Amino acid sequence: MRLKYSIVNLTLLIAVSSCVTFKNQKSRRPIIHELIILGEESGDISIKYFKKRHAINDANQIIEKEFIWDSIKNDMVYSGKSIPIELTTLVNYDTQNNKFDSERVVIQSGFVTGTYKAHMFTKEKGFDSIKTIEYEKGSISGELKILNVKDSILYQTTFKKGNGYWKDYYYKESKLRGEGKVKNNYKEGEWKYYNVYGNEDSTKTYTLNDAVDVRYPHCFFNKKEPCY
């Protein structure tokens with residue numbers, strides 16, 4: 001009798017364990033690596049449309065807004081709900097203002113991760129990487145490296161947790177375009193800007209209240225100096 005009772009208990013325990021395991025497996029949605037391509041002509045959507053559908057939350061995550069159909073307005077409206085972008089590669093071809101041809105980065109759980117890459121197109125090499133920036137947990141942290149179209153190093157430095165000294169270039173001409181201090185991923189203090197001939201064109205002083213973020217794609221959402 002005691003043996004029979006033990007067997008029944010063991011059977012019930014296995015059944016319950018199977019149900020729990022099945023429930024946990026069912027609740028886990030498979031993570032799909034998505035691709036979003038930005039560009040007025042060569043992309044899937046424009047940067048303006050991307051900005052309409054996304055935002056930056058207080059945790060500095062890139063979030064996707066939920067839109068629902070409003071029968072009164074006869075249009076899609078923001079529901080007030082949002083979720084961080086899952087595993088997504090974001091490619092942008094609308095880069096004329098940045099003086100290169102494309103840029104890409106990987107976003108995971110709302111945070112930029114790994115290496116940002118900007119590319120220039122040449123007949124000899126096709127799309128070649130000219131600018132790389134290391135990210136960690138959504139913050140610039142690691143090497144920032146800039147090359148010209150002949151693969152010569154124009155600038156190389158290391159950022160720590162969003163802090164460092166930033167330089168940008170006219171890549172084809174190998175001329176300095178702008179430089180200044182970055183604090184917590186934002187422009188701070190005096191920045192100098194140069195024309196394509198290498199001559200100082202202007203200076204500007206920033207505070208953190210100006211909120212000019214140098215990260216991609218956070219800089220899309222800057223009220224001052226959006227990067228597109």
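Things worth noting here:
- Segment 124-149, subset over 18 Å from Gly164 (Cα atoms) and small (Gly, Ala, Ser), residue modelled with the lowest pLDDT: Gly126
- When segment 68-92 is filtered for residues that are over 29 Å from Ser139 (Cβ atoms), in a strand (DSSP E or B) and not aliphatic (A, V, I, L, M), the ones remaining, listed by number, are Trp69, Asp70, Asp75, Ser79.
- Looking across Phe50, Phe22, one residue alone is at pLDDT 90 or above and in a helix (DSSP H, G or I). It is Phe50.
- Residue match in segment 93-111 (condition: out of contact with any strand residue (DSSP E or B) (no Cβ under 6 Å at 6 or more places or on another chain), exposed (fewer than 15 other Cβ atoms within 10 Å of the Cβ), in contact (Cβ under 8 Å) with a residue 24 or more places away in the chain and over 21 Å from Glu136 (Cα atoms)): yes
- Listed by first and then second residue, the pairs linking a residue in segment 191-209 that is within 15 Å of Lys224 (Cβ to Cβ) and at pLDDT 95 or above to a residue that is among the small types (Gly, Ala, Ser) and surrounded by fewer than 12 Cβ atoms within 10 Å (Cβ to Cβ), with Cβ atoms under 6 Å apart and 6 or more places separating them unless they lie on different chains, are Tyr193/Ser202.
Quick grid of which residues meet (1) surrounded by 16 or more Cβ atoms within 10 Å (Cβ to Cβ); (2) among the hydrophobic types (A, V, I, L, M, F, W, C); (3) assigned to a loop (DSSP other than H, G, I, E, B):
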{"position": "Lys192", "(1), (2), (3)": "no, no, no"}
{"position": "Tyr197", "(1), (2), (3)": "no, no, yes"}
{"position": "Thr205", "(1), (2), (3)": "no, no, no"}
{"position": "Phe220", "(1), (2), (3)": "yes, yes, no"}
{"position": "Cys227", "(1), (2), (3)": "yes, yes, yes"}
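- Residues in segment 167-190 that are assigned to a strand (DSSP E or B) and acidic (Asp, Glu) were compared, and the one that is farthest from Ser139 (Cα to Cα) is Glu190.
- Against the criterion of being polar (S, T, N, Q), surrounded by fewer than 14 Cβ atoms within 10 Å (Cβ to Cβ), assigned to a loop (DSSP other than H, G, I, E, B) and at pLDDT below 95, Ser42 qualifies.
- Note on segment 93-123: among residues that are part of a loop (DSSP other than H, G, I, E, B) and farther than 16 Å from Tyr171 by Cα, the one that is modelled with the lowest pLDDT is Asp94.
The values are calculated or read from the model by the stated rules, or taken from the named source; none is laboratory data. No experiment lies behind these values; they were computed from the predicted model shown. Cβ coordinates were reconstructed from backbone atoms using ideal geometry, including for glycine residues, and neighbour counts include every protein chain displayed.
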